[in-house]
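K.L.:
Let me begin by handing over the structure; questions about it come next.
The values are calculated or read from the model by the stated rules, or taken from the named source; none is laboratory data. Predicted, not measured: the structure shown is a model, and the values here were computed from it. In this analysis, Cβ positions are derived from the backbone assuming ideal geometry, glycine residues included, and neighbour counts consider all displayed protein chains. Remember, those area values only see protein heavy atoms, side chains included, never the ligands or the DNA or RNA. Shrake-Rupley method; radii C 1.70, N 1.55, O 1.52, S 1.80 Å.
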Amino acid sequence: MISPVFILSLIICYFLILLVISFFTSKKDDNNTFFTANKSSPWYLVAFGMVGASLSGVTFISVPGWVGSSGFTYFQVVMGYLIGYFFVAFILLPVYYNYKLTSIYEYLKIRFGKNSHIVGASSFFVSRVLGASFRLFLVAIVMQQFIFDAWAVPFEITVVISILLIWIYTQRGGIKTIVWTDTLQTLLMIVSVSVTLIFILKSLEWNFNDFLISDEFDSYNKIFVFDDFLVRNNFFKHFIGGIFITICMTGLDQDMMQKNLTCKNLKEAQKNMVVFSFVLVIVTLLFLFVGALIYIYSQKNNIQIPLMDGIPKTDLLFPEVALNGDLGIFVGITFILGLIAAAYSSADSALTSLTTSFSIDFLKLEKKSKKNQKKIRKTVHVLMSFLLVIVVIIFKYFLERNVIDGLLTIASYTYGPLLGLFSFGIFTPYKINDRYVWLIVLLSILSVFFIANLDKEVLFGYEFGYELLPINGLITFLGLILISRK
């Protein structure tokens, strides 16, 4: 068992490395560096770093933990992701580069008007606050369980410390710092999961082929669900949902697109997106393999799923095996480094993108005096940090489901309006009566909420899954037709 003091020492060392990176990337502490990295990021660096930002603590911990109940069916969603990334690369990125956007929601103002702009930015804001908080919550409960509980430190303090560290190294360089720190964080995550896989195989006295042909693996390796269209994880629901989740949570998300917009030109941004998409699929499959292995290892070694507030928490099984499963200190060290990387790779870019969107979309930073712009940006950065602290703490008392399932489900409500707005803007020539866009979006969200909560018996056993996202987008799109004009 690795002691809490040792784990904390690793965190401090890792944080010092991030500070060094921040020092060298933020010498020019201005808004252009913070928001766009001066349009100078190498595409391959952005591509590799985006893998870590996309995976985050959710994939790092929650996907392996989810294998116990869902097998490899999550890979159906990942297959949909791949199609969605190509849509982002060749449909959305050209729009953003042609309009020379800093915040992608400025497109809605140009295309429809100020109300659509605010609706789009608000949808992102809610989406990213909840999404970033989901991810931070997951890592915070692991740190709480394996470090701070030993010292009776309250969960709330753990959250404050985590976000304070992120604020310190992002508050000067912003997206320019993140492009480089994400690269390190992605590398550590991949090394961590690979080391865990190798050491569990060694402990089980298997090679990888032995694992693949084992009876134990047969219990977890089901990918495709074609036999029952009514269930949530049916292939078509997951695959189509994955396509739209990617389009929305990557292509219509300021957090992810802000990194792409730091590339020198459109062609490099597209290369980044295509390479990133294939790497992400391969790495996610690796996490699923590790998920199956930790369940097999746990059963053979009588390791129980850890409890949180008296309830079994599958998200904690991977850290339990890595830190307390007798796999050796090397596995524990790489796991902790991977976990910290997972925490910071998503949270730091989320904090930066929230600051960017709020400053540009809501406060109209470009209209402020040059003298006050930097001060406003730094103030917003602090306020966004406080907001994340509050939401993460709230999650501890109200979140019940597996974190990645919760994250993708909430996306159905928050990203749907963005999907409808951008689709209508890109694929139709019409304008809209901008004053009514709030009403259309509200009715769409309420409609989807009503549909999602229908008793499945009323629907002859049909259960809605991630297809709620495109349904939300479609309802918004149809509503915009009603208020459209030439």
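K.L.:
Within segment 90-185, which helices (runs of 4 or more DSSP H) (wholly inside it) include 1 or more residues that are over 23 Å from Ala342 (Cβ atoms) and either free of Cβ contacts under 8 Å to residues at least 40 places away in the same chain or open to solvent by less than 40 Å² (accessible area, probe 1.4 Å) (or both)?
P.N.:
Because the criterion is at least 1 residues that are over 23 Å from Ala342 (Cβ atoms) and either free of Cβ contacts under 8 Å to residues at least 40 places away in the same chain or open to solvent by less than 40 Å² (accessible area, probe 1.4 Å) (or both), the helices (runs of 4 or more DSSP H) in segment 90-185 that meet it are 93-98, 106-111, 114-146.
K.L.:
Still on this structure, I have one more. Hey, among Asp434, Asp405, which residue is of a type in the set (Asp, Glu) and modelled with pLDDT of 85 or more?
P.N.:
Of Asp434, Asp405, the one residue that is of a type in the set (Asp, Glu) and modelled with pLDDT of 85 or more is Asp434.
K.L.:
Checking the structure you have, find out if any residue of segment 244-260 is in contact with a strand residue (DSSP E or B) (Cβ under 8 Å, 6 or more places away or on another chain), assigned to a loop (DSSP other than H, G, I, E, B) and at negative phi.
P.N.:
no
K.L.:
Return a yes/no flag: does segment 264-279 have any residue that is within 15 Å of Ile83 (Cβ to Cβ), open to solvent by 10 Å² or more (accessible area, probe 1.4 Å) and within 19 Å of the chain's Cα centre (by Cα). So that I can check it myself, show each step before the final result.
P.N.:
Looking only at segment 264-279, we keep the residues that are within 15 Å of Ile83 (Cβ to Cβ), and these are 273-274, 276-278.
Restricting the remaining residues to those that are open to solvent by 10 Å² or more (accessible area, probe 1.4 Å) gives 274, 278.
When the remaining residues are screened for being within 19 Å of the chain's Cα centre (by Cα), the result is 274, 278.
Looking through segment 264-279, at least one residue is within 15 Å of Ile83 (Cβ to Cβ), open to solvent by 10 Å² or more (accessible area, probe 1.4 Å) and within 19 Å of the chain's Cα centre (by Cα).
K.L.:
So is Gly71 at pLDDT 90 or above, farther than 27 Å from Leu266 by Cα and not acidic (Asp, Glu) or not?
P.N.:
So Gly71 fits the description; yes.
K.L.:
If Phe86 meets every condition in (1) over 30 Å from Lys267 (Cβ atoms); (2) of a type outside the set (Gly, Ala, Ser); (3) part of a helix (DSSP H, G or I); (4) within 21 Å of the chain's Cα centre (by Cα) apart from one, which number is that one?
P.N.:
Evaluating Phe86 over (1) over 30 Å from Lys267 (Cβ atoms); (2) of a type outside the set (Gly, Ala, Ser); (3) part of a helix (DSSP H, G or I); (4) within 21 Å of the chain's Cα centre (by Cα) leaves (1) as the failure.
K.L.:
Only one residue in Ser122, Ser133, Ser116, Ser127 is closer than 28 Å to Ser3 by Cα and of a type in the set (Gly, Ala, Ser), so which one is that?
P.N.:
Ser133
K.L.:
Filter segment 418-438 for residues that are in a strand (DSSP E or B) and open to solvent by less than 10 Å² (accessible area, probe 1.4 Å) and give the result.
P.N.:
Within segment 418-438, Ile432 is the sole residue that qualifies.
K.L.:
Are any residues in segment 284-300 open to solvent by less than 10 Å² (accessible area, probe 1.4 Å) and under 15 Å from Gly52 (Cβ atoms), and if so, which ones? Give the steps one after another, and end with the answer.
P.N.:
Filtering segment 284-300 down to residues open to solvent by less than 10 Å² (accessible area, probe 1.4 Å) leaves 284, 287-288, 290-294, 296-298.
Answer for segment 284-300, where residues must be open to solvent by less than 10 Å² (accessible area, probe 1.4 Å) and under 15 Å from Gly52 (Cβ atoms): Thr284, Phe287.
K.L.:
Here is a further query. How do the pairs read when you match residues in segment 33-48 that are under 17 Å from Ser22 (Cα atoms) with residues anywhere that are at pLDDT below 80 and not in a helix (DSSP H, G or I), using Cβ under 6 Å and keeping only pairs 6 or more apart or on different chains?
P.N.:
Phe34/Gly174
K.L.:
Oh, and also: Would you say Ser162 is out of contact with any strand residue (DSSP E or B) (no Cβ under 8 Å at 6 or more places or on another chain), closer than 27 Å to Phe477 by Cβ and not basic (Lys, Arg)? First the steps, then the outcome.
P.N.:
Working: out of contact with any strand residue (DSSP E or B) (no Cβ under 8 Å at 6 or more places or on another chain): yes; closer than 27 Å to Phe477 by Cβ: no; not basic (Lys, Arg): yes.
For Ser162, the condition - out of contact with any strand residue (DSSP E or B) (no Cβ under 8 Å at 6 or more places or on another chain), closer than 27 Å to Phe477 by Cβ and not basic (Lys, Arg) - is not met.
K.L.:
Could you tell me whether Ile83 is on the phi < 0 side of the Ramachandran plot and at pLDDT below 85?
P.N.:
no
Matching residues to (1) modelled with pLDDT of 90 or more; (2) surrounded by fewer than 23 Cβ atoms within 10 Å (Cβ to Cβ):
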residue: Leu212; (1), (2): yes, yes
residue: Asp215; (1), (2): yes, yes
residue: Asp218; (1), (2): yes, yes
residue: Phe236; (1), (2): yes, yes
residue: Phe239; (1), (2): yes, yes
residue: Met249; (1), (2): no, no
residue: Leu252; (1), (2): yes, no
residue: Asp255; (1), (2): no, no
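K.L.:
In this structure, is Leu482 open to solvent by 20 Å² or more (accessible area, probe 1.4 Å), under 25 Å from Phe395 (Cβ atoms) and not β-branched (Val, Ile, Thr)? Full working, then the answer.
P.N.:
Numbers: open to solvent by 20 Å² or more (accessible area, probe 1.4 Å): yes; under 25 Å from Phe395 (Cβ atoms): no; not β-branched (Val, Ile, Thr): yes.
When the stated conditions are applied, Leu482 does not pass them.
K.L.:
Being assigned to a loop (DSSP other than H, G, I, E, B) and open to solvent by less than 50 Å² (accessible area, probe 1.4 Å) is the filter here, so list the residues in segment 439-463 that pass it. Lay out the reasoning, then the answer.
P.N.:
Let us first name the residues in segment 439-463 that are assigned to a loop (DSSP other than H, G, I, E, B), namely 453-463.
Across segment 439-463, the qualifying residues are Leu459, Gly461, Tyr462.
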